[in-house]
Amino acid sequence: MTNTSSPTSPALDAPAEAARGGEIAVTFVVAVAENGVIGRNGDLPWRLSSDLKMFRRLTMGKPIIMGRQTWDSLPKRPLDGRENIVVTRNELFEAEGAHVVLDPVNALRLARDYAQKSGVGEIAVIGGAAIYEALLPQAHRMYWTAVHGSPDGDTTFPKFDLAGWRIVSEDPISRGPNDQFAATLRVLERPAGAQD
Ligand SMILES: NC(=O)c1ccc[n+]([C@@H]2O[C@H](COP(=O)([O-])OP(=O)(O)OC[C@H]3O[C@@H](n4cnc5c(N)ncnc54)[C@H](OP(=O)(O)O)[C@@H]3O)[C@@H](O)[C@H]2O)c1
């Protein structure tokens with residue numbers, strides 16, 4: 001892999017808690033195609049190696065919250081170096097190496113506890129669509145990879161109102177040999193207090 005594709009925007013490295021007076025930020029990490037698609041057949045609808053590296057960088061060390069289907073889709077479970085929290089309605093579900101919770105709000109509580117214990121300023125919500133939709137009212141920040149293509153898919157990012165959000169930074173992710181599409185990383189934020 002020759003492509004390092006690391007935007008150097010200060011927004012990516014700014015400690016989120018500083019901007020919100022010590023509150024732990026709920027951040028979404030998502031890649032969305034021009035047609036809104038984020039998934040196909042339980043998997044990602046593209047090959048984007050540079051974005052996977054960016055995903056690792058953005059989530060490392062942070063508690064991550066995901067739906068059970070996204071957990072099932074991971075090629076290697078749990079994701080290393082991060083507390084993995086999986087949301088399911090199935091009380092019998094077991095996920096080796098991860099915490100299983102029965103609703104998204106409990107996932108946030110648990111993630112906050114882990115973030116506090118380890119002194120990190122962000123919780124990363126990593127999808128899929130059902131979990132983004134459930135936690136959208138709580139989100140402070142989004143790391144939004146805009147994928148410059150319109151692949152077929154069966155899962156889309158939930159519709160949301162951009163009012164109240166502002167784009168803090170926008171950086172191209174340079175396209176490497178293992179990237180099917182070009183992409184741009186946008187950081188969006190809305191002020192503390194705008195959440196439910
Ligand atoms: N492009 C991206 O950035 C990105 C990121 C993540 C995922 N994806 C893609 O998105 C697709 C998966 O998304 P998805 O929406 O189908 O699935 P998902 O959000 O990953 O998981 C859905 C599951 O979460 C559980 N769940 C959802 N809401 C719940 C609630 N309110 N309370 C308790 N449990 C709840 C249920 O699990 P049970 O059925 O076990 O009860 C449900 O079936 C895949 O194609 C994946 O590759 C894309």
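The values are calculated or read from the model by the stated rules, or taken from the named source; none is laboratory data. These numbers were taken from a predicted model, which means no experiment stands behind them. Please note: Cβ atoms are built from the backbone with ideal geometry, for glycine as well, and neighbour counts cover all protein chains shown.
Here are the numbers for the structure shown:
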read-out: So G61, is it more than 8 Å from the ligand (Cβ to nearest atom), in contact (Cβ under 8 Å) with a residue 12 or more places away in the chain and either over 21 Å from T156 (Cα atoms) or within 13 Å of the chain's Cα centre (by Cα) (or both); value: yes
read-out: Residue in the stretch 139-158 that is surrounded by the fewest Cβ atoms within 10 Å (Cβ to Cβ), counting only those that are within 14 Å of the ligand (Cβ to nearest atom) and of a type in the set (D, E, K, R); value: D152
read-out: Pick from the stretch 170-192, criterion of a type in the set (G, A, S) and surrounded by fewer than 17 Cβ atoms within 10 Å (Cβ to Cβ), ranking: modelled with the lowest pLDDT; value: A192
read-out: Residue, nearest to the chain's Cα centre (by Cα), within the stretch 114-125, restricted to residues that are within 16 Å of V86 (Cβ to Cβ) and more than 14 Å from the ligand (Cβ to nearest atom); value: I123
read-out: Total residues in the stretch 70-104, condition surrounded by fewer than 18 Cβ atoms within 10 Å (Cβ to Cβ), closer than 19 Å to V26 by Cα and within 11 Å of the ligand (Cβ to nearest atom); value: 2
read-out: Filtered residue count, the stretch 126-153, keeping only those that are under 13 Å from the mean Cα position of the chain (by Cα), in a strand (DSSP E or B) and β-branched (V, I, T); value: 1
read-out: Residue within the stretch 139-157 that is at pLDDT 95 or above and over 22 Å from V37 (Cβ atoms) present; value: yes
